[in-house]
Amino acid sequence: MAWTLLSPHLNLPSFSSIPTTTTTRTYWRSRRRARTVIVNASEKKETKDTPAFNPFGFVTDNPSSREAIQLPQSPAEDGNVGQMLYRIEDKGKEYGSRIKSGKLRWFVRETGSPESRRGTIVFLHGAPTQSYSYRVVMSQMSESGFHCFAPDWIGFGFSDKPQPGYGFNYTEKEFHEEFDKLLDVLGVKSPFLLVVQGFLVGSYGLTWALKNPNRILKLAILNSPLTSSSPIPGLFQKLRIPLYGEFTCQNAIMAERFIEAGSPYVLKVEKADVYRLPYLSSGGPGFALLEAARKANFKDMSSQIASGFASGRWDKPILVAWGIADKYLPQSEAEEFQKGNPDTVKLKLIEGAGHMPQEDW
């Protein structure tokens, strides 16, 4: 009786209106559906007046990144983030496997066969990305008769990310030493073709080549700092600032933002998932990048590269394939580099491609 008298004020059903046991579930299910419709209607009305809440709004103003990190309309049963990681954790590992080299494990992509008639190509990525960017080019080159490898540098992608001070300190010397060990494990002994792109560890690929010219058959360079006046992107400048660098390196969408900022295109969500995944999985990749950026001498590397590949010092064929829509490095970088060794360097400008031609075009 008390429930019946109170129900008009509380908008609750009286005992007499409650369905029998056999239909109770159906009744409450319909009540929940009705309530959901009312709530959804109010949410839609509110959306017209105010922008949707974006919990990541403080780290990105890029349209594609905002779209890429939108939470689903309804929560996954076991939690949004856990379900999202579960869905994407196996993405982006085409042609890849973990390779033990010394005390470290590299993630290495491989296409083609050791018996490939045209030789071996090794593709090296730059920071803060990973070898995933070469997946399409690797497939095409293996179809053309090449044996291809593309490792994720230590600290990047799906390779090991040791804590600094425990066997790896992210210096240029250590990157070179570990790369030598990896080539031995992979059986890359005869002169091979080397493809290099990007900043920091990309530049380490070029300085490694300068120290090992007899191991290089041909060299291809895609949008990398090549002159003593090469600009340093804001990301790496921020990483070198005490405290601010620690905050910057933990931005989960740092890699995709860096790619999009240097390109005329935005990444599709399925691609952004892969570049974002290492930084979402743990803080290790961010701190590895932080350490590498702080140990690097960008100006000295660029000067070494400019002088090391100049006429009279380097005689192996070099192809510079340059995305002219690069927002980080101007076309004049490639042109100046070619002028320093015109007999050896061939320049190919790629319209419509940006900082990562292998991803854009």
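Every read-out reported here was derived from the displayed coordinates using simple, explicitly stated rules and does not represent laboratory data. Keep in mind it's a predicted model, so treat the numbers as computed, not measured. Note: ideal-geometry Cβ built from the backbone for every residue, glycine included; neighbour counts use all protein chains shown.
Multiply the residue gap between Ile324 and Ser281 by 0.36 nm, knock off their C-alpha separation, and tell me the result in nm, one decimal place.
Extra length available between Ile324 and Ser281 comes to 12.1 nm.
Once you compute Rg and the Kirkwood Rh from C-alpha atoms, what is the Rg to Rh ratio for the stretch 96-360?
0.93
Could you sort out which of Lys189/Lys346; Lys100/Lys316; Lys189/Lys299; Lys238/Lys327 sit more than 29 Å apart by Cα distance in this structure? If you can, show how the numbers build up before the last one.
Values: Lys189/Lys346 26 Å; Lys100/Lys316 31 Å; Lys189/Lys299 31 Å; Lys238/Lys327 18 Å.
Correct reply: Lys100/Lys316; Lys189/Lys299.
How big is the dipole moment of the stretch 181-312 about its Cα centre under a simple scheme where the beta carbon of each Lys and Arg is +1, that of each Asp and Glu is -1, and everything else is neutral? Debye, nearest 20, please.
Details: 14 positive and 8 negative charges, 62 e Å.
Approximately 300 debye in magnitude.
In the stretch 144-224, which trypsin sites (Lys or Arg not before Pro) are in a loop and have at most 10 other Cβ atoms within 10 Å, using DSSP for the loop call?
Lys189
Given points 7 Å out from each Cα along the Cα-Cβ axis, report the Asn212 to Arg98 separation in nanometres with one decimal.
That separation, rounded to one decimal, is 2.4 nm.
Using each residue's phi in the stretch 218-223, evaluate 6.51 cos²θ - 1.76 cosθ + 1.60 at θ = phi - 60° and report the 3J(HN,Hα) Karplus result to the nearest Hz, with x for Gly and Pro.
9, 10, 10, 10, 10, 5
Relative to the present Cα-Cα distance, how much length would full extension add between Gln163 and Arg313 at 0.36 nm per residue of separation? Can you show the working numbers first?
Details: separation 150, 0.36 × 150 = 54.00 nm, distance 3.74 nm.
Stretched fully, the Gln163-Arg313 segment lengthens by 50.3 nm.
Expressed in nm², what is the orientationally averaged projection area of the convex hull enclosing the Cα positions of the stretch 138-198? If you can, show how the numbers build up before the last one.
Values: hull surface 20.9 nm².
One quarter of the hull surface, i.e. the mean projection, equals 5.2 nm².
Which Cα, out of Val201, Leu289, Ala272, lies furthest along the positive dipole direction of the stretch 171-307 (beta carbon charges, K/R +1, D/E -1)?
Ranked along the dipole, the leading option is Val201.
Please find the FRET efficiency linking Lys238 to Lys189, where r is the Cβ-Cβ separation and R0 is fixed at 51 Å, and quote it to the nearest 0.05.
So the FRET efficiency works out to roughly 0.80.
DSSP beta bridges in the stretch 96-360, what fraction antiparallel, as a percent rounded to 5?
30 percent
Which GluC sites (Glu not before Pro) does the stretch 263-361 hold that lie in a coil by DSSP with at most 14 other beta carbons within 10 Å?
Sites meeting the loop and neighbour criteria: Glu351.
Compute, for the stretch 96-360, the length of the dipole vector about the Cα centre, with Cβ point charges of +1 (Lys, Arg) and -1 (Asp, Glu) only. Units Debye, rounded to 20.
Value, rounded to 20: 380 debye.
Per the Debye formula with a single identical scatterer at each Cα and no solvent contribution, what log10 I(q)/I(0) holds for the stretch 235-339 at q = 0.11, 0.15, 0.17 Å⁻¹?
Evaluating at q = 0.11, 0.15, 0.17 Å⁻¹ gives log10 I(q)/I(0) of -0.49, -0.84, -0.99.
So for the stretch 101-236, what are the equivalent ellipsoid semi-axes in whole Å, largest first, each being the square root of 5 times an eigenvalue of the Cα gyration tensor?
Gyration-tensor ellipsoid for the stretch 101-236: 23, 18, 15 Å.
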